[in-house]
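Novice: Here's a structure for you.
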Amino acid sequence: MCSLIVAVLALPLALATVASELFSPLVARKVLATAKMPPIPIQYPQYTDTTTGNWLWFNSDAWATGFFPATLYEMHRRQKLCGHKHGVGGVDWLKLGRTWSTGEIPSERTIGASHDVGFPFIEELKINPRNETARTAVKIFATALAKRFNAMVGCTRNEDSPDPNFQVSIDYMMDLEVLFVAEKITGNHTLRDIAIKHADTTMANHIRPDGSTWHVIEYDSNTGSVTKKRTAQGFSDDRHRISDTWSRGQAWGIYGYANMHLRTNFPRYLKTARRLATYFVFNIPSDGIVPWDFNVPAIPARPADSSAATIAVNALLLLSQRESTIGNSTGARFWQKSALSILRDITNLAWRPEWESLLSNGTMHLPANNKLTGIVYGDHYFIRAGNELKELGLTSC
Ligand SMILES: *[C@@H]1O[C@H](CO)[C@@H](O)[C@H](O)[C@H]1NC(C)=O
Ligand SMILES: *[C@@H]1O[C@H](CO)[C@@H](O)[C@H](O)[C@H]1NC(C)=O
Ligand SMILES: *[C@@H]1O[C@H](CO)[C@@H](O)[C@H](O)[C@H]1NC(C)=O
Ligand SMILES: *[C@@H]1O[C@H](CO)[C@@H](O)[C@H](O)[C@H]1NC(C)=O
């Protein structure tokens with residue numbers, strides 16, 4: 001794999017063209033239309049119906065609640081980057097983001113069993129670091145996450161539970177961010193230590209020698225030893241002993257380790273992000289479509305996961321910036337180019353003007369037959385990718 005990367009890096013790198021849909025007026029129009037239809041009491045869009053493409057709505061304690069409010073903050077950022085072009089103007093996106101976040105505040109108190117750790121509150125603090133509501137929310141989320149840390153295992157667990165079967169998903173690499181933000185607010189360095197320990201344990205147990213990842217590792221909470229490595233939302237076929245590599249988990253992992261490098265500058269995290277990214281990029285088939293699981297046989301046709309693709313785009317752009325900070329411009333260009341080509345291919349496949357979501361072809365949970373939908377975080381990372389590319393000077397609005 002290493003020599004493959006070296007060979008590819010030596011090729012001249014023409015930048016893929018950025019898909020024009022990224023800044024289509026439909027982006028603002030659809031997000032605004034969704035923002036105007038909150039049911040009372042408030043519910044949040046998560047994924048769409050497969051045929052109409054209309055959003056399905058869930059209570060605020062459901063996983064992924066935070067992504068729609070965070071999308072509104074992302075539209076506010078776009079307004080600052082792009083001005084009033086493409087229907088982005090004339091809307092107080094920040095106010096909408098704040099209004100939509102308030103419905104999430106009650107879940108601060110019940111977060112123990114939930115997964116979502118307050119992405120919109122982190123966005124609010126980037127704009128107004130003094131907002132006490134957001135500061136409190138982040139502190140409570142971080143404390144709840146820290147409570148799920150077990151020093152014997154060296155990880156935070158998925159669910160708040162006394163069960164000795166201690167389960168950890170690769171997705172949780174994404175939640176470590178809240179610990180760093182809370183460390184800044186409180187000055188409590190234990191939160192950072194927990195994030196580092198979780199990342200190191202995950203590095204040791206979730207990642208296979210080829211850079212692919214297990215979705216779930218089970219530990220014995222009393223001894224800390226690994227009792228099982230398994231999939232949850234990925235493909236696996238025990239008869240053929242085929243392991244799974246759930247593509248969204250792989251994408252969360254790349255982002256998580258690139259972010260750990262951003263937060264700590266520890267070279268081991270950069271190396272790990274590269275290994276996971278290398279697996280992702282070199283396992284996309286020639287049609288450019290990111291499958292929901294890299295290890296599912298290609299025949300019969302396997303569904304895509306557009307959300308894995310857009311998360312990976314953001315992860316690779318972050319990794320590219322990390323390479324730049326160590327002066328590795330060849331590596332930086334390589335990840336940038338990979339991000340752009342994934343983005344172009346997924347836009348060609350999944351852009352759906354007639355749906356309420358921006359993209360189709362999301363696979364929320366295939367074993368539960370939840371596929372071929374729009375997904376709220378797929379759209380969120382699509383919009384964010386456009387903003388990142390603009391901020392990096394790789395596109396205009
Ligand atoms: C502070 O943040 C919260 C949560 O993000 C938001 O609901 C509220 O409107 C914000 N307050 C102000 C004064 O901006
Ligand atoms: C720091 O955070 C940890 C984890 O939440 C907590 O156990 C500890 O009491 C905190 N320390 C202080 C001084 O607040
Ligand atoms: C993409 O979504 C469309 C519309 O739902 C569907 O017809 C098509 O088969 C999907 N393609 C893949 C590769 O999942
Ligand atoms: C630059 O980045 C590429 C891709 O991540 C990596 O293979 C290479 O080892 C890096 N070079 C240096 C000098 O760090």
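Readers should treat all values here as calculations from the given coordinates under stated rules, not as data from a laboratory. Predicted, not measured: the structure shown is a model, and the values here were computed from it. Counting neighbours? That spans all protein chains shown, and the Cβs are built from the backbone with ideal geometry, glycine included.
Novice: Taking the alpha-carbon distance from LYS30 and a cut-off under 16 Å, which lysines remain once sequence neighbours fewer than 8 residues away in the same chain are dropped?
Specialist: Hits, sequence-local ones excluded: LYS85.
Novice: Long-range amide H contacts for LEU56: which residues qualify at under 5 Å (H placed 1.01 Å from N, peptide plane, sequence gap of 5 or more or a different chain)?
Specialist: The answer is GLN46, TYR47, THR48, ASP49.
Novice: 5 Å is the cut-off here: which amide hydrogens, built 1.01 Å from N in the peptide plane, fall below it relative to THR213, excluding neighbours closer than 5 in sequence?
Specialist: For THR213, whose amide H was placed from the backbone, the distant partners under 5 Å are ARG208.
Novice: Using a simple charge model, +1 on the beta-carbon of Lys and Arg, -1 on the beta-carbon of Asp and Glu, nothing else, what dipole does the chain show about its Cα centre, in debye to the nearest 20?
Specialist: Rounded to the nearest 20 debye, it is 880 debye.
Novice: What residue among HIS380, HIS86, HIS206 shows peak mean-square fluctuation when the chain is described by a Gaussian network model with Cα springs under 10 Å?
Specialist: HIS86
Novice: Still on this structure, I have one more. Once you list every other residue whose beta carbon is under 13 Å from the beta carbon of LYS271, what net charge do they have if Lys and Arg are +1 and Asp and Glu are -1?
Specialist: +2
Novice: Additional query: How do MET260, MET203 rank when sorted from fewest to most other Cβ atoms within 10 Å of their own Cβ?
Specialist: Least to most surrounded, the residues fall as MET203, MET260.
Novice: Helix-derived [θ] at 222 nm for the chain: sum -39500 (n - 2.57) over DSSP H runs of at least 4, divide by residue count, nearest 500?
Specialist: -15500 deg cm²/dmol, from helical runs alone.
Novice: Where in the chain are the DSSP H helices whose alpha-carbon span along the long axis reaches 18 Å or more and whose Kyte-Doolittle mean is at least -0.5?
Specialist: Those that clear 18 Å and a mean of -0.5 are 67-82, 132-147, 190-205, 267-282, 306-325, 329-350.
Novice: Multiplying the sequence separation of ALA298 and SER161 by 0.36 nm and subtracting their Cα-Cα distance, what value in nm do you get?
Specialist: Residue separation times 0.36 nm, minus the Cα-Cα distance, leaves 45.5 nm.
Novice: Sequence-distant or interchain residues sharing an amide H contact under 5 Å with VAL18, placed H: which?
Specialist: none
Novice: Let me ask something else. Specify which residue in the list THR201, ALA62, PRO164 is farthest towards the positive end of the charge dipole of the chain, using unit charges on the beta carbon of Lys, Arg (+1) and Asp, Glu (-1), about the Cα centre.
Specialist: THR201
Novice: Under the rule that an exposed site lies in a DSSP loop and has at most 10 other Cβ atoms within 10 Å, name the longest stretch of the chain with no trypsin sites (Lys or Arg not before Pro) of that kind, not counting the sites themselves.
Specialist: 242-397
Novice: Ok, one more. For a 30 Å ceiling on Cα separation, which of these pairs sit above it: LYS126/LYS371; LYS95/LYS184; LYS197/LYS228; LYS139/LYS390?
Specialist: Cα-Cα > 30 Å for LYS126/LYS371; LYS139/LYS390; rest within.
Novice: Same structure again: What GluC sites (Glu not before Pro) does the range 295-397 have in DSSP loop regions with at most 15 other beta carbons within 10 Å?
Specialist: When the GluC sites (Glu not before Pro) of the range 295-397 are filtered for loop state and at most 15 Cβ neighbours within 10 Å, GLU354 remain.
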